[in-house]
């Protein structure tokens, strides 16, 4: 018996009962894992050993042809109230990265589900254009070139803002959300600024709240402008095995596949059947659904995730996922020591010994007491997140 077999739980009260749930997962990797693609792949049951029947992905990026013109969304003022130093007016700032003047006549500005068409207006090379609603040009007249567009409005709670040329080629897109703001800047009065105007990928990590004392920099260089390349490959943060049939893989950023790889998962253990793989790009989460009863209690499994890259082209190295679950039975987990009357500066505790020979997920365990009628009272979870007691 070694010290690793124990966990010391510091509690206010003494407890005498262990209640358990189930599930466990772990991961190892020796490498590095973004939003933006929709596809469904059905494989022949004879391929891949019949292990993968469906792979499904979905995300928020449109498979849209890109424009060669370098006009980008550079600043967003969605909620100007309370005003800090600028007029109480919503606006959108565009920046021309081209070396030539760009005429925006016929260009399409999508604000959520609404499409707005630009009038005959141009942006000089390296210049800015502030887009606002009717009446805003007079209020923003001291902030450079302004264009008014009827029905212009940005939803405070978030929306997708898209800029297309007349041929509907994508020039830029921003999935605006107040959550992109720095903490303390989400309640209005401050614009959201693009950090690096030369970066067109990984937009979520290229926008922050303005540093301007006025609350924004319409018509001029952003207060946060800086070089901000993405050179880091994605990585797996954690895995969680849920309900004995789903492996949730949490990544450091959203993920993107340039094509549909049949070897997304390598070295799948014999007998393991995977029904589907689905991402939640808003949470940078990938869920792998296993065939019911495919994962056996008490067995440890591993497989390789391969060939994944972010939208800036940073490729993840192959990473190993270890997973499985064990359902404790009677006498697997023992209450080994209890301190119920400590010294005044001490604490009550219960010591639990893992006698099962398996790692046990403590997030499914509770300590409790019973009253004189044997009814459970004071039920307290041991761990709010997955935490493992070694064998």
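So how many residues does region 92-119 have that are surrounded by fewer than 14 Cβ atoms within 10 Å (Cβ to Cβ), over 12 Å from residue 166 (Cβ atoms) and in contact with a strand residue (DSSP E or B) (Cβ under 8 Å, 6 or more places away or on another chain)? So the count comes out to 3.
Surrounded by fewer than 15 Cβ atoms within 10 Å (Cβ to Cβ) and under 24 Å from the mean Cα position of the chain (by Cα) - does that describe any residue in region 164-176?
Taking region 164-176 as the starting set, the residues that turn out to be surrounded by fewer than 15 Cβ atoms within 10 Å (Cβ to Cβ) are 166-169.
Okay, now just the ones that are also under 24 Å from the mean Cα position of the chain (by Cα), so none.
No; the residues of region 164-176 include none that is surrounded by fewer than 15 Cβ atoms within 10 Å (Cβ to Cβ) and under 24 Å from the mean Cα position of the chain (by Cα).
Screening region 54-82 for residues that are assigned to a loop (DSSP other than H, G, I, E, B) and either at pLDDT 95 or above or at positive phi (or both) and picking the one that is surrounded by the fewest Cβ atoms within 10 Å (Cβ to Cβ) gives 82. The one condition from (1) modelled with pLDDT under 85; (2) out of contact with any strand residue (DSSP E or B) (no Cβ under 6 Å at 6 or more places or on another chain) that residue 365 does not meet is (2).
Just one of 193, 221 is out of contact with any helix residue (DSSP H, G or I) (no Cβ under 7 Å at 6 or more places or on another chain) and either surrounded by 18 or more Cβ atoms within 10 Å (Cβ to Cβ) or under 18 Å from residue 79 (Cβ atoms) (or both); which is it? I'd like the intermediate steps shown before the answer.
On the way: 221 fails: either surrounded by 18 or more Cβ atoms within 10 Å (Cβ to Cβ) or under 18 Å from residue 79 (Cβ atoms) (or both).
Residue meeting the stated conditions: 193.
For region 175-193, the tally of residues that are modelled with pLDDT under 95 and in a strand (DSSP E or B) stands at 1. Inclusion of residue 196 among residues that are within 23 Å of the chain's Cα centre (by Cα), assigned to a loop (DSSP other than H, G, I, E, B) and modelled with pLDDT of 95 or more is warranted.
The values are calculated or read from the model by the stated rules, or taken from the named source; none is laboratory data. This structure is a prediction, so every number in the text was calculated from the model and none was measured. Note that we place each Cβ from the backbone using ideal geometry, even for glycine, and neighbour counts take in every protein chain shown.
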